[in-house]
Every structure is written in structure tokens, then in C-alpha cells.
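The values are calculated or read from the model by the stated rules, or taken from the named source; none is laboratory data. All values derive from a computational prediction rather than experimental measurement. Using ideal geometry, Cβ is built from the backbone for each residue, glycine included, and neighbour counts are taken over all protein chains shown.
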Amino acid sequence: MNKMRTIHPDFQALLDLKPEEVINLFTDLRSYILELYPEANELIYHTHALTTVFSISEKLSDAFVMLPIYTNHLNLGFNKGTLLDDPENLLAGTGKLIRHIPVKKPKDYRNKKVKSLIKEAINFAIQDMDKPSKSIGKTISKIKKK
């Protein structure tokens, strides 16, 4: 079993300000995604939400899923969700590309249907990527320090 990647200190400092329930859900969901695709690069942002994005490369355009954390909740976002096959209608949202699954408890994502959707998003990102990644399994902070 691979050693779990630690959370970047820039991200952890902001994550620690969230409610414990949200922190626990985020930590478990992040681990789950990294179990499914350990080679993912993790891009971290702090804009309107504290967000970690999982990408096939070091580029946001090659991302397959994201975990935006809002004040008291988080979502499992699919960067190109409208392009995925979603026969179970798991994905919510009205944007041109992004769709999400609201996360309130582990069973919202730790199930066969969501696992299949995440794997489809990974495969789509790999096939859609323009050129090979220079980075594999890295955490890249895009958080601007004050």
C-alpha cells in the first residue's frame, strides 16, 4: 500500500478553519481519489472556495475531479461532467461543463456508481490530454500568501 500523500501546509492551514465534519469528509474523499489514481497531481487553490483539483498533468485543463470546500459543505466536482456518461443521474448542476455530487456523508461517494464515474472521468482526462505531463503525483500550490 502506498504511503498517503500529506496535505500541503498552505491548504492545511485553511482547512483547519473548517468544521470538523467537513474536514473529515474532505480528508476521506481526498484519500479515496488518490487510492483510485495515485499518479494524480493535486492543484490547490483558495478563491471563493478552498479547492483541491486532481489532474492528469500540472494543468487545470487536464483535471478530472475537484473538491471545493465552502463554508460548511463540500462537493465532488467533475470538471468535464457534461461530457461523461451519467446513466444514474448522479451529477447535479447547470454549467456548460462542470457537474458535481453534493457530499454530506461517505456513502455519497464510497459506492460503485460514483467509483465508476470517477474512473470514467480519469479515462476521459487521459484521452483528452494534449501532451504528456511533466509531473506525476505532485501537489502544486496555487494559494497566494498574504
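Quick notes on this structure:
- Within region 60-87, the set of residues being under 10 Å from the mean Cα position of the chain (by Cα) and in a strand (DSSP E or B) comprises Ala63, Phe64, Val65, Met66, Leu67, Pro68, Asn75, Leu76, Gly77, Phe78.
- If the condition is being free of Cβ contacts under 8 Å to residues at least 40 places away in the same chain and under 12 Å from Ala121 (Cα atoms), then region 61-80 contributes Met66, Gly77.
- Inter-residue pairs, beta-carbon under 8 Å, first within 21 Å of Glu35 (Cα to Cα) and in region 5-22, second of a type in the set (Gly, Ala, Ser), 6+ apart: Arg5/Gly137; His8/Ser141; Phe11/Ser141
- Condition broken by Ser61, with the remaining ones in (1) modelled with pLDDT of 95 or more; (2) under 26 Å from Leu14 (Cβ atoms); (3) not aliphatic (A, V, I, L, M) satisfied: (1)
- Verdict on Ile44 being part of a strand (DSSP E or B), touching a Phe, Trp or Tyr at 6+ places or on another chain (Cβ under 8 Å) and either farther than 26 Å from Ala13 by Cβ or hydroxyl-bearing (Ser, Thr, Tyr) (or both): no
- Enumeration of residues in region 94-128 that are among the aliphatic types (A, V, I, L, M) and either surrounded by 13 or more Cβ atoms within 10 Å (Cβ to Cβ) or part of a helix (DSSP H, G or I) (or both): Ile98, Ile101, Val103, Val114, Leu117, Ile118, Ala121, Ile122, Ala125, Ile126
- The residues of region 23-49 that are of a type outside the set (A, V, I, L, M) and without any contact (Cβ under 8 Å) to a residue 60 or more places away in the chain, listed by number, are Asn24, Phe26, Thr27, Arg30, Ser31, Glu35, Thr47, His48.
- Single condition Leu17 does not satisfy, out of (1) surrounded by 12 or more Cβ atoms within 10 Å (Cβ to Cβ); (2) out of contact with any Ser or Thr (no Cβ under 9 Å at 6 or more places or on another chain): (1)
- Condition check for Lys131: under 24 Å from Ala13 (Cα atoms) and either within 11 Å of the chain's Cα centre (by Cα) or at pLDDT below 95 (or both): no
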